[in-house]
Amino acid sequence: MESLARIDFFELHDLDGTPPVLRTLHTESIMTIYRLTDAAREYSRPLALALRSGADHRIVDLCAGSGGPVPLIQRRLHAQGVHTQVTLTDLVPNVPAFERAAARNRRRLPDPCCSVDHVPTSVDATDCRLDGTRTIYGAFHHFPPALASRMLQNAVDTRQPMVVVDTKRSWLYVLVFPFFLTLAVLLAAPFQRNPLPRYLLRLALTYVVPVLPFMMFFDSVVSFLRMYGRAELRRIVDGLDGTESFEWTIGVEPGFTEAQYLIGIPRRE
């Protein structure tokens with residue numbers, strides 16, 4: 001499928017007109033799917049590889065949504081003896097979700113070696129000024145090539161390691177996974193922990209007027225069509241100014257999610 005042109009189309013939860021509460025419910029559903037599928041098992045491997053290659057153990061997670069998978073990844077790495085300090089960021093930060101992620105971290109990992117904090121103000125992934133290993137999980141495909149290039153160029157210009165993890169583009173994911181993800185939304189809605197008003201709204205938008213299942217199905221189809229292939233990632237990397245100052249690795253982690261990754265580590269001067 002990588003021989004086909006990447007399709008750049010909109011996702012419903014990205015639209016400016018999408019109500020913030022609906023966007024939050026959607027990203028919380030994605031978090032639930034991360035937990036159900038144990039995505040952290042495969043998603044942690046590229047970050048672990050980057051850390052072994054010299055990446056900073058201070059993690060700056062870009063486009064973290066409602067917390068993203070990085071706190072889950074942090075706990076898995078901690079169990080392996082790898083300690084990280086995570087800062088969650090987003091262009092439109094969901095501060096309550098970030099605070100809940102930090103609270104869960106304190107309960108699960110009371111050891112001060114691993115922390116989760118956040119930036120409460122907007123952080124532009126294409127112009128980030130924070131030091132640390134930048135990570136972006138499941139969101140790189142939202143950026144058209146020009147913006148994707150700007151994000152990576154910013155990492156090169158500031159000499160900060162970069163770890164990009166997304167799903168491999170394939171027909172299997174386009175034809176099968178949207179049904180699986182939509183089913184997960186339908187089954188998991190009653191078990192998601194939310195304040196009562198939002199919990200009732202989730203149930204109403206799942207079972208009475210099935211807006212959330214429709215959003216998940218539509219956005220997942222579009223997402224899998226927007227994923228960058230390895231050849232496309234290589235072209236973006238090759239076009240960066242000063243790209244030779246970084247060591248770039250592109251690969252796929254075998255498994256349920258087929259996590260495709262791009263790792264950039266500054267070469268030692």
Report task. Calculate the spin-label point distance for Arg6 paired with Thr249, positioning each point 7 Å from the Cα along the beta-carbon direction, and give it in nanometres. Result -> 2.2
Query raised in the report: Just for region 110-269, what percent of DSSP beta bridges are antiparallel, to the closest 5?
Result: 80
**Report entry** Under the span-like rule (Cα at least 15 Å along the axis, Kyte-Doolittle mean at least -0.5), DSSP H helices of the chain
**Finding:** 20-37, 39-52, 145-158, 177-188, 211-226
Report summary line: If one builds a Gaussian network model of the chain from Cα atoms under 10 Å apart, the most fluctuating residue listed among Gln192, Gln153, Gln74 is Gln192
Query raised in the report: Say we join alpha carbon atoms closer than 10 Å with springs in a Gaussian network model of the chain; which of Asp117, Asp127, Asp16 then has the biggest fluctuation?
Result: Asp16
Query raised in the report: Roughly speaking, what is the stretch gain from Leu172 to Val211, that is 0.36 nm per residue apart minus the C-alpha to C-alpha distance, in nm to one decimal?
Result: 11.6 nm
**Report entry** Listed residues Pro69, Pro110, Pro144, most fluctuating in the chain (Gaussian network, C-alpha, under 10 Å)
**Finding:** Pro110
Query raised in the report: What FRET efficiency, computed as 1/(1 + (r/R0)^6) with R0 = 25 Å and r the Cβ-Cβ distance, is obtained for Arg104 and Val21, rounded to the nearest 0.05?
Result: 0.75
Requested in this report: Find the accessible area per residue for region 100-223; the probe is 1.4 Å, ligands and nucleic acids are left out, and the unit is Å².
Outcome: 48
Report task. Please report, as a whole percent, how much of the solvent-accessible surface of the chain comes from carbon and sulfur atoms (probe radius 1.4 Å). Result -> 61
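The values are calculated or read from the model by the stated rules, or taken from the named source; none is laboratory data. Source: prediction; values computed, not measured. We place every Cβ from the backbone using ideal geometry, glycine too, and count neighbours over all the protein chains shown. Ligands, DNA and RNA are excluded from the accessible area calculation, which covers all protein heavy atoms including side chains. Shrake-Rupley method; radii C 1.70, N 1.55, O 1.52, S 1.80 Å.
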